[in-house]
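Trainee: Take a look at this one; I'll ask things after.
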Amino acid sequence: MDYLISYLIIINVIAFVAFGIDKLKAKKSWWRIPEATLIGLASAGGSIGALLGMRYWRHKTRHRKFKYGLPAILLIHIALAMLILSNQ
């Protein structure tokens, strides 16, 4: 369980930072982080970090796949966590 908690902390920090980096790159017209990568980080367990990054950096807030997709991914993660915890 300790490994899972460590993993979730790390993936959420990475997702949060990735949104900030992509916002910076967008402002400077540099090469961007693909949207699939940002959604992939959220799907891999970083949904909280992705949502916080989206709100904090004010990035991707108008894109439907982020506006609705990230909360949906978070709800799936919550349901999975409840399922895992109820089976212990």
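Trainee: If you take the residues of the stretch 30-64 that are of a type in the set (Gly, Ala, Ser) and open to solvent by 30 Å² or more (accessible area, probe 1.4 Å), which of them is nearest to residue 76 (Cα to Cα)?
Mentor: So, considering only residues that are of a type in the set (Gly, Ala, Ser) and open to solvent by 30 Å² or more (accessible area, probe 1.4 Å), the one nearest to residue 76 (Cα to Cα) is 43.
Trainee: Looking at 80, 85, 4, 41 in this structure, which one is at pLDDT 95 or above and part of a helix (DSSP H, G or I)? Spell out the reasoning first.
Mentor: On the way: 80 fails: at pLDDT 95 or above; 85 fails: at pLDDT 95 or above; 4 fails: at pLDDT 95 or above.
Criteria check complete, one pass: 41.
Trainee: Taking the condition modelled with pLDDT under 95, assigned to a helix (DSSP H, G or I) and touching a Lys or Arg at 6+ places or on another chain (Cβ under 7 Å), does residue 26 pass? Write out each step before concluding.
Mentor: On the way: modelled with pLDDT under 95: yes; assigned to a helix (DSSP H, G or I): yes; touching a Lys or Arg at 6+ places or on another chain (Cβ under 7 Å): yes.
Criteria met by residue 26.
Trainee: If residue 19 passes every condition in (1) in a helix (DSSP H, G or I); (2) modelled with pLDDT of 95 or more; (3) farther than 22 Å from residue 7 by Cα; (4) aromatic (Phe, Trp, Tyr) but one, which one does it miss?
Mentor: Among (1) in a helix (DSSP H, G or I); (2) modelled with pLDDT of 95 or more; (3) farther than 22 Å from residue 7 by Cα; (4) aromatic (Phe, Trp, Tyr), residue 19 violates only (3).
Trainee: Follow-up. Considering every residue within the stretch 47-56, establish whether at least one is of a type in the set (Ser, Thr, Tyr), under 18 Å from residue 5 (Cα atoms), part of a helix (DSSP H, G or I) and free of Cβ contacts under 8 Å to residues at least 12 places away in the same chain.
Mentor: Going residue by residue through the stretch 47-56, those that are of a type in the set (Ser, Thr, Tyr) are 47, 56.
Imposing the further condition that a residue be under 18 Å from residue 5 (Cα atoms) reduces the set to 47.
Going one step further and asking which of them are part of a helix (DSSP H, G or I), we end up with 47.
Next, only the ones that are free of Cβ contacts under 8 Å to residues at least 12 places away in the same chain stay: none.
No: zero hits.
Trainee: Do we find a residue being exposed (fewer than 12 other Cβ atoms within 10 Å of the Cβ), without any contact (Cβ under 8 Å) to a residue 24 or more places away in the chain and touching a helix residue (DSSP H, G or I) at 6+ places or on another chain (Cβ under 9 Å) anywhere in the stretch 7-29?
Mentor: Within the stretch 7-29 (the criterion being exposed (fewer than 12 other Cβ atoms within 10 Å of the Cβ), without any contact (Cβ under 8 Å) to a residue 24 or more places away in the chain and touching a helix residue (DSSP H, G or I) at 6+ places or on another chain (Cβ under 9 Å)), the answer is no, since none of the residues qualifies.
The values are calculated or read from the model by the stated rules, or taken from the named source; none is laboratory data. All figures in this text were calculated on a predicted structure; none of them were measured in a lab. In this analysis, Cβ positions are derived from the backbone assuming ideal geometry, glycine residues included, and neighbour counts consider all displayed protein chains. For the accessible areas, the whole protein counts, side chains as well, though only heavy atoms, and no ligand, DNA or RNA atoms are used. Shrake-Rupley method; radii C 1.70, N 1.55, O 1.52, S 1.80 Å.
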